[in-house]
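The values are calculated or read from the model by the stated rules, or taken from the named source; none is laboratory data. None of the values given here were measured: they were computed from a predicted structure. Glycine also receives a Cβ, built like all others from the backbone with ideal geometry; neighbour counts cover every protein chain displayed.
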Amino acid sequence: MNKDIKKNPLDKHAFYTPCKKLIVEKLGIVKGCDIWAKAGDELANLLERYPGIEDKVGCEVIPAVAIYKVLEEAGYDAEQILCEFGTKMGEKFARIVHKITSIPGVDKLIWKNVDGIMHFMSKPDFGYERVIVSEPPEMFGVDILSCPYHKMAKILGYEKAVLCICKMDKAYMQGFHHIRYERHTAVSEGAECCDYRLRYDAAKE
């Protein structure tokens, strides 16, 4: 066994490893594996160039930027491929969320604490700029004016790379039992804000 075989750093990112399968399906095994290997090299270069960047935000953004950059430079539709990947992952997570929130009482417990959960998830300490527009019980609404994921990707020159995270987020939030989620705009899509709106809806399965 050759111990000198270089490991692909992308392979340790559990969220992004399914993207390799999608890329291979789209491009074929030879081109797909070549793109994945080059994206791994790009990820390694980014981590070397920006020491310490692989924090909570970086560990999600940097792999997306590496994959996006390599796909784009090879002449492929990086945005379309990564958005499709994000949606597929979101749909997978939505099924898990639906099972959990279908357990009797879990949906009401989440809704009872939705303001605290959303306040925590979008707090300024994490790098968000936000405006709370509505509080429960009718609706929890927050406009995210600035997102740390988008800001990091933009600094690196590939702001559209995080659209896969946005697509994942939008898809998995549909999985909540009895909690209706809507988001019509996103900063990463050029809008002024990400308009999160959550309502309790007993009729929603």
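Going through region 145-159 one residue at a time, which ones are touching a Ser or Thr at 6+ places or on another chain (Cβ under 7 Å) and surrounded by fewer than 22 Cβ atoms within 10 Å (Cβ to Cβ)?
Scanning region 145-159 gives a single hit, E159.
Report yes if I144 is of a type in the set (V, I, T) and either at pLDDT below 95 or more than 22 Å from K56 (Cα to Cα) (or both), otherwise no. Working first, answer last.
Details: of a type in the set (V, I, T): yes; either at pLDDT below 95 or more than 22 Å from K56 (Cα to Cα) (or both): no.
Here the answer is no, as I144 does not meet what is asked.
Between residues in region 123-139 that are closer than 15 Å to D201 by Cα and surrounded by 12 or more Cβ atoms within 10 Å (Cβ to Cβ) and residues that are modelled with pLDDT of 90 or more and of a type outside the set (D, E, K, R), which pairs lie under 9 Å by C-beta distance while being six or more apart or on different chains?
P136/W111; P136/V114; P136/L198; P136/Y200; M139/V133; M139/L198; M139/Y200
List the pairs whose first member sits in region 10-26 and is among the hydroxyl-bearing types (S, T, Y), whose second member is part of a helix (DSSP H, G or I) and exposed (fewer than 13 other Cβ atoms within 10 Å of the Cβ), and whose Cβ atoms are under 8 Å apart, counting only residues at least 6 apart or on separate chains?
T17/D11
Hey, any hits in region 161-184 for a residue that's surrounded by 13 or more Cβ atoms within 10 Å (Cβ to Cβ), assigned to a helix (DSSP H, G or I) and without any contact (Cβ under 8 Å) to a residue 60 or more places away in the chain?
no
Scan (1) small (G, A, S); (2) over 20 Å from G116 (Cα atoms); (3) over 15 Å from the mean Cα position of the chain (by Cα); (4) surrounded by 20 or more Cβ atoms within 10 Å (Cβ to Cβ) for the single condition G190 breaks and write down its number.
(4)
Looking at region 40-51, is at least one residue hydrophobic (A, V, I, L, M, F, W, C), free of Cβ contacts under 8 Å to residues at least 40 places away in the same chain and more than 22 Å from C83 (Cβ to Cβ)?
Within region 40-51, one or more residues are hydrophobic (A, V, I, L, M, F, W, C), free of Cβ contacts under 8 Å to residues at least 40 places away in the same chain and more than 22 Å from C83 (Cβ to Cβ).
Could you pull out every one of the helices (runs of 4 or more DSSP H) wholly within region 1-116 that has 2 or more residues that are farther than 25 Å from Q174 by Cα?
17-27, 29-49, 58-73
Applying the selection to region 117-134, what residues are closer than 16 Å to K151 by Cβ and either acidic (D, E) or in a helix (DSSP H, G or I) (or both)?
P124, D125, F126, E129
Can you say whether V142 is outside any helix (DSSP H, G or I) and in contact with an Asp or Glu (Cβ under 9 Å, 6 or more places away or on another chain), as far as the supplied structure shows?
For V142, the condition - outside any helix (DSSP H, G or I) and in contact with an Asp or Glu (Cβ under 9 Å, 6 or more places away or on another chain) - is met.
Checking A37 against (1) modelled with pLDDT of 95 or more; (2) buried (at least 19 other Cβ atoms within 10 Å of the Cβ); (3) over 16 Å from G86 (Cβ atoms), which test does it fail?
(2)
Hey, can you tell me all the residues within region 75-106 that are loosely packed, with under 14 Cβ neighbours inside 10 Å, under 14 Å from I23 (Cα atoms) and not polar (S, T, N, Q)?
Across region 75-106, the qualifying residues are G75, D77.
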